[in-house]
1. Just checking, does region 162-169 include any residue being assigned to a helix (DSSP H, G or I) and under 17 Å from the mean Cα position of the chain (by Cα)?
2. If I filter region 188-195 for residues that are surrounded by fewer than 22 Cβ atoms within 10 Å (Cβ to Cβ) and either in contact with a helix residue (DSSP H, G or I) (Cβ under 6 Å, 6 or more places away or on another chain) or without any contact (Cβ under 8 Å) to a residue 60 or more places away in the chain (or both), do I get at least one hit?
3. With respect to Ile144, determine if the residue is in contact (Cβ under 8 Å) with a residue 12 or more places away in the chain, under 18 Å from Gln176 (Cβ atoms) and open to solvent by 10 Å² or more (accessible area, probe 1.4 Å).
4. If I ask for residues that are free of Cβ contacts under 8 Å to residues at least 60 places away in the same chain, in contact with a helix residue (DSSP H, G or I) (Cβ under 7 Å, 6 or more places away or on another chain) and either part of a helix (DSSP H, G or I) or of a type in the set (A, V, I, L, M) (or both), which ones from region 196-216 would you list?
5. State the number of residues belonging to region 19-43 that are touching a helix residue (DSSP H, G or I) at 6+ places or on another chain (Cβ under 7 Å) and assigned to a loop (DSSP other than H, G, I, E, B).
6. Going through region 51-102 one residue at a time, which ones are among the polar types (S, T, N, Q) and open to solvent by less than 20 Å² (accessible area, probe 1.4 Å)?
7. Exactly one condition in (1) in a loop (DSSP other than H, G, I, E, B); (2) open to solvent by less than 50 Å² (accessible area, probe 1.4 Å); (3) over 26 Å from Leu118 (Cα atoms) is false for Ile46; which is it?
Amino acid sequence: MQKSVGVITIGQTPRDDMIGDIRRHLPAGTRIVEKGVLDGKTVEVIRELQPEKGHTVLISRLRSGNSAIMAKEKVLPIIQELIDELHGEGVSLIILACTGRFPLFKSNIPIIYPDFLLNYAVKGLLREGPLGVIVPLSEQGGEITDKWRGAGFQALPAACSPYTFSEQILIDAVKQLDQLPTMAIVLDCMGYTQEMRTIAQAHTSKPVILSRSVIYSLAAELI
């Protein structure tokens, strides 16, 4: 019997930068159903989803390859709508392809919440201590610090976008964190790739943890 997995991205589908990595972790023949929060949204609607004062900032990829910034609070209802749609499409597992912190959604199908899974996978590996965390935007520093504090870590953030990617900015962020007493460096966004991890690892002796590898490999245990 063919297995089916739903993948919800905060941006637009198809996520060609991501789906290949998911397939490498899932059993051969698994059907992947992609849903994007911004699918079918006009430029005007996407602009209306931008953060306002006090909102939590999210960033994701558009079909064009560019990125869009949104308020988490504004996209939560859209995510629930996509979950509801996937209930009618025969999937047995839903992966929320974002490492931001989210509330529990209503679902009769298991949902993988990457923020929780990543935090506690790292907890199992390192237990506690200072942790270097690279995020797409500097504005996410406060939220990311709070998120990792919940798992018992002091997060020391640095920024490099995986969408408007600059190798030098990533190298600079890694070198900055490498000088601090961090136990490891986490690439804390599903947009970071194995190639980016390879670049980061070349500039530090500390372990570099790629969030998508953790999420996809553990999600595959449920398929």
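The values are calculated or read from the model by the stated rules, or taken from the named source; none is laboratory data. Just so you know, these numbers come straight off a predicted model, no measurement behind them. Positions of Cβ are generated from backbone atoms using ideal geometry, with glycine treated the same way; all protein chains shown enter the neighbour counts. Ligands, DNA and RNA are excluded from the accessible area calculation, which covers all protein heavy atoms including side chains. Shrake-Rupley method; radii C 1.70, N 1.55, O 1.52, S 1.80 Å.
1. Let us first name the residues in region 162-169 that are assigned to a helix (DSSP H, G or I), namely 167-169.
Now narrow it down to the ones that are under 17 Å from the mean Cα position of the chain (by Cα): none.
The answer is no, given that none of the residues of region 162-169 is assigned to a helix (DSSP H, G or I) and under 17 Å from the mean Cα position of the chain (by Cα).
2. Keep residues of region 188-195 that are surrounded by fewer than 22 Cβ atoms within 10 Å (Cβ to Cβ), which gives 193-195.
After this cut, where a residue has to be either in contact with a helix residue (DSSP H, G or I) (Cβ under 6 Å, 6 or more places away or on another chain) or without any contact (Cβ under 8 Å) to a residue 60 or more places away in the chain (or both) as well, the list is 195.
Yes, that holds for at least one residue.
3. On the way: in contact (Cβ under 8 Å) with a residue 12 or more places away in the chain: yes; under 18 Å from Gln176 (Cβ atoms): yes; open to solvent by 10 Å² or more (accessible area, probe 1.4 Å): yes.
Answer is yes for this residue.
4. Of everything in region 196-216, those that are free of Cβ contacts under 8 Å to residues at least 60 places away in the same chain, in contact with a helix residue (DSSP H, G or I) (Cβ under 7 Å, 6 or more places away or on another chain) and either part of a helix (DSSP H, G or I) or of a type in the set (A, V, I, L, M) (or both) turn out to be Met196, Ile199, Val208, Leu210.
5. Residues meeting the conditions: 3.
6. So in region 51-102, the residues among the polar types (S, T, N, Q) come out as 56, 60, 64, 66-67, 80, 92, 99.
Across region 51-102, the qualifying residues are Ser60, Thr99.
7. All conditions are met except number (1).
For (1) free of Cβ contacts under 8 Å to residues at least 40 places away in the same chain; (2) among the hydrophobic types (A, V, I, L, M, F, W, C), each residue gets a yes or a no:
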position	(1), (2)
Val45	yes, yes
Ser60	no, no
Lys72	yes, no
Ile78	no, yes
Ile83	no, yes
Ile94	no, yes
